[in-house]
Every structure is written in structure tokens, then in C-alpha cells.
1. Using helices alone, I'd like the mean residue ellipticity at 222 nm for the chain: each DSSP H run of four-plus residues gives -39500 (n - 2.57), total over residue count, nearest 500.
2. Mind checking which of Ile373, Ile181, Ala89 is farthest towards the positive end of the chain's charge dipole, using Cβ charges of +1 (Lys, Arg) and -1 (Asp, Glu) about the Cα centre?
3. What's the magnitude of the charge dipole for segment 10-503 around its Cα centre, counting Lys and Arg as +1 and Asp and Glu as -1 at the beta-carbon? Answer in Debye, nearest 20.
4. Can you tell me the convex hull volume per residue for the chain, based on C-alpha atoms, in Å³ to the nearest whole number?
5. I need two numbers for segment 298-456: Rg to one decimal and Dmax as a whole number, Cα atoms only, in Å.
Amino acid sequence: MDHTHTREEPEARSSLRGGRLGVIGIVFFVVAAAAPLVGMTGAVPIAIVLGNGAAAPGAYLAVGLTLLLFSVGYAAMSQRVTNAGAFFAYIGRGLGRHLGLGAAFVSLIAYIGIQLAIFGFFGGLMSGQMAALGVDLPWWFWTLAAWLVITALSLASVDVGAKVLGVLMLLELASLVVTAIAILIDGGPAGYDFAASFSPSAILVGGLAGSAGIAFAFAFASFIGFEATAIYGEESKNPKRVVPRATYLAVGVITTLFAVTAFALVTGMGASSVVAKTVEYSTVDGVPLADPAAVLFTLATQYVGSWMATVMSVLVISSLFAGALAFQNAACRYVFALARGGVLPRALGGTNANGAPQRGSLTTSAVTAAVIITFIIAGLEPVLHMFYWFSGLAVVAIVLIEALVCVAVIAFFRRHRDGENIFTTTIAPLIAMAGLLIGEYLLMSRFGLLAGTTAEGVDPAATSWGLSPLGWVLVLLPFAVLLVGWMLSHLRRPENEAFVRDELS
């Protein structure tokens, strides 16, 4: 069922206002969620040192191609279902309402989790940068300030948020593109070595159980958020046309940006010496990778100028803010769709005069505020704890749901063979599912490295699994939530009929 309504319809206050977003507006939200500058400063240096070295760009390209194949079936489903809770709507249509409801709750904890991770990183980074300028305030002051502004923006019309993200994203992308072009024009100390970065043998060096697996795990983690295109379908100008185009464009932009910029970093340091140089640039007080952002900043200074490094240090902050706003919008639309379907209290499903899901947004903000306050009271660290724990949880949850979407696409089109070709409905989703399942295994087996939750005495770079009790809880939580949601759906069948009729039809 298409929930897009015009302003004059009587259901307008229970529907998101359509016609607000075009392809570019949706892409801004999605690329902001991927936070490419944060990925380049945080994940890529670790993928180089602990992963497959100069072939890290190839790992990002391989993951991007996998997600492009995922997008084929995902975009095809968007032609049939327009819903603010895209993931669970697609899974519900393909695999049944019970699994769809379980997927809804997994998606919700994923988006709230990554938002909390970004809030933690934002507060920690902002506190450090402002302290260097003489403004010494605790991390939670900056986190709560960002929380307040993001809540306000999420209550405005969705196109207002898109315009804010548009400005931030253009600046962020420009800084990465200018730096990459400057390095590639120069050629670095040893010129281009495409084989070292993109040949299959280099990408898979060390095997999936070893260094290649680590690189792939960080690459998958860097792409989280690209799938949010369909969430904005109800608010787009023409969802049947806009969502597929936005999906392909977003995946293409993110993949190209990560692969090309990572290749520029490798070229700037020299393929044969990239690991040693990355360690050198990121070491603080004898601890390698203590400051991974210094790798990009050092190369920006060397090939562009010190001003670019200064600009980038500011844009990392804006990138985090943009990401938090993007995931706030995604999470509150899931709350809205679940409430409209009767799974959550229906009172949470209304929209305000701007057509924004007001109660869903306030509910999302209340949850994130409660967690932030808990971390403050417990004296936990914003980056080491909030960022790493919740980002690890979120990416495991999202990849799980993406794999289920692939199965749902195949199942749905087996029952509805009307116009779609076999590549779109079967081959692409099957290949994507295989890649996603491999990615899920790598993320789970390297969860201790991603989330900082290894058992005492275990070296996460050398040993798979080896998680602490907290690590096991976090890595298994998405599967537990999926099972609980599935069971609750079975137990509450009468209440779910409205959910099936309104959200999964």
C-alpha cells in the first residue's frame, strides 16, 4: 500500500507529507549517514594497518559492488512498496508479517545505535578540539547541545534537513575530492600501483579469516546508512522513480569516494611503505593508530596545504553532526511507521504541521537522551565506549537485515512474476546475499576489534571471536531482538492484522 498522500487528504496528519524530496535531497541524507570523512579518518587507516595494507581500497570497492547488487533487488521492491519503514515492509511482503515485525525492531535498534555512536564520537572530538582553543567543557555538554539542535531540525519539514545536510555534505565531499586529486596528480613517492590496491590476490591477502577479513569488516562498517533511500519514499516527489535512482546514485557516490580516496592515500604514502607510514603518522605516545585521523590530515598538509588539514578537522565535526541528523530522521520514521501500523502505540504515529513525524522524533530523542544520561552517570567514555559499542552493534544489525531483504526480494518476485527479469529478482539478490552473509560473519568474528570488547588477554588483531561477556551480548542482540519480535508477532495476531493491512500491503 502506498502511504503517500497530498496535503488535502483527510489522512494527511497520519501520513508523511509527500512531494518534498527529489533524488539529490535523498542522496544528501544517505551520504551524510555514511559520513565519508569520518570513515576516511577512522576506518581506512585501521583497515590498512590491521587489514590488507595497500589493498584496502580494493576491499572498499568489493563491498561497494556487493551493495550495488543488493540495490538491484532493493530498488525493484521500492517500485512495489512505498513505506517509511522500508526494511521491515520489504521483509514482511516477501517473508511474512512475523519476520517483518522482528526485522522492524532490529532496524530500529540499528538506527538508534548508530545515532548514539555518532553522538559519543561528536562529544569526544568536539571536547578535545574546543579544549585546544581554551574552551574546556565536558564531552556531554557538546553531545547534548547537538542532540537539542538535531531534535529541533527533525521536527522541521524534511526538506529543511536536506538543505542543511546538502551544505555540509558538499563541503565534506569537496575536501576529500580536492585532496585525492592533488595526491593523484602528484603521483606520490612511487607512482600508481593499481595491482597492489585492486588485484584479487592483493585484496584477499591473508584470507578472510585473517587480514583480508579485517579490511572487509571495516569496509562493511563504513557503508552503513546507504539503504535509507527507501525510508524517504513517502516524502519524495515520485517514489517509484526517485527511490531507485537515489539508491544507485548513493551507492555509486559512496563506493567511488571511498575507493578513490583510499587509493589516493595509498598512492600518497607509496604502496610498498603504506603500512609503515600509516603507523608512523597515527602513532601517539608510542601507541600505533591512536590518532588515525592524522594520516589523512598529514597527507592533506603535504599535498594541498596546512589549511586543508584545518578545514578537514572542522568538517569531521560537521560530518558527525550530519550523520546524527540523518539517522535521527531514519529512526523516527521507523517509529512512525510502527505506530501507524499499530505495533507501537498509535499516538506515536502522528505528524505535525510540517508533515514531520513529530511524536516519533520526540520518542527517538527521549531514548537517545536516556542512554546518553546513563553513560554520563556511569562515567563511561564517549568514544571508547559509546562510539565503539553502539557502532559495532548497529552494523551487525543492519547487515543481518540486508541479508533478509535479499531473501525477501527473491521470495516476493517468485510469487509476482510480472515484468521483472531474472537478474533483478534472483541472480543479483543471491550474489548480494552471499556477500552479505560473508560480511556478517566477518563483522561478528572481528567484533572485538570493531567494538573494543575482546576478552582479557586476547589480541583482537590476531584472534577471531574471543569476546568479553559484553561483546557477546552486543553481537547477539540483533538476533535475539529478531527472534523476540517474531515471537511477539505470533502472540499478538489480532493486533497485527492492521499492521499487515496498512504497512505490509
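1. Here the helix-only value at 222 nm equals -23500 deg cm²/dmol.
2. Checking the options against the dipole of the chain, the answer is Ala89.
3. Numbers: 23 positive and 23 negative charges, 361 e Å.
Dipole about the Cα centre, nearest 20: 1740 debye.
4. Values: hull volume 69.2 nm³, N = 505.
Once divided by residue count, the hull of the chain is 137 Å³.
5. For segment 298-456, the Cα radius of gyration and maximum Cα-Cα distance read 20.8, 59 Å.
All of the numbers you see were taken from the coordinates with simple rules; none came from a lab. None of these values were measured; they are calculated from a predicted model. Using ideal geometry, Cβ is built from the backbone for each residue, glycine included, and neighbour counts are taken over all protein chains shown.
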